[in-house]
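Taking it in order: structure first as structure tokens, then the write-up.
Coordinate-derived values only; no laboratory data. This is a predicted model, so every value here is computed, not measured. Cβ: placed from backbone, ideal geometry, glycine included. Neighbour counts: every protein chain shown.
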Amino acid sequence: MAGAYSLYEKAGTLQVTTYLACAVLFVVWFFQMRRTTGLLAPDRFRNRPGWAIGAWLIPLANLWMPYRIAVDMWTASTPLPDDGVPSRTSIWPVNLWWALFVSSNLFGRYAASRYDNAETLAQIRSAVVQYLAADLLSAVAAAAAIYFAFRLTAMQRLKASWGPYRTTAPA
């Protein structure tokens, strides 16, 4: 039992360290994208670029504000049609990433509370299984974040090379 607990603790430490490193890198990327996208379409944002970092740090607001900034970046990175009228653009990658991110965090907190309150071996086992499910959901959320990041970066680069309006591809 002691060996299993030791392994569990080591895995948790590795997971937290990896999560924090990835979170810092993602927030730095998020801020850089917000700054750069703001240059392409300054009229498309509700908040200043500093909120791309600050929004993650405010309790409860961090469940909504980063999503709004991501949606603003997504729509600002979409080239306008030739007639200059903005069209509706699909934001499903943003919605998918954010839904998985929030769900995995909330489910992880639920699993943690179940583990902390567990008194019997059966309750501990059940809580660990829930932790594993939350970790799997976090991995899927990370994959969705990577997809969102690559798509948004590509959209931003394309808009920067084409200009603000959708035209033929540059030579």
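So which residue, out of 89, 153, 78, gets the largest mean-square fluctuation from a GNM of the chain using Cα contacts under 10 Å as springs?
The residue that fluctuates most here is 89.
Return 161, 103 ranked ascending by Cβ neighbour count within 10 Å, so the fewest neighbours appear first. Could you put the intermediate results ahead of the total?
Numbers: 161 9, 103 15.
Ordered by Cβ neighbours within 10 Å, fewest first: 161, 103.
Could you bin all the Cα-Cα distances of the chain into 5 Å bins starting at 0 and give me the percent of pairs in each, rounded to whole numbers?
P(r) for the chain, in whole percents per bin: 1, 8, 14, 18, 16, 12, 9, 7, 6, 4, 3, 2, 1, 0.
Mean separation of Cα pairs under 8 Å and 6+ residues apart, divided by the residue count of the chain: what relative contact order is that in percent?
Values: 141 pairs, mean separation 38.4, N = 171.
Relative contact order comes out at 22 percent.
Give me the number: length gained by fully extending residue 122 to residue 161, i.e. 0.36 nm times residue separation minus the C-alpha to C-alpha distance, one decimal in nm.
Working: separation 39, 0.36 × 39 = 14.04 nm, distance 5.86 nm.
That pair, residue 122 and residue 161, stretches by 8.2 nm at full extension.
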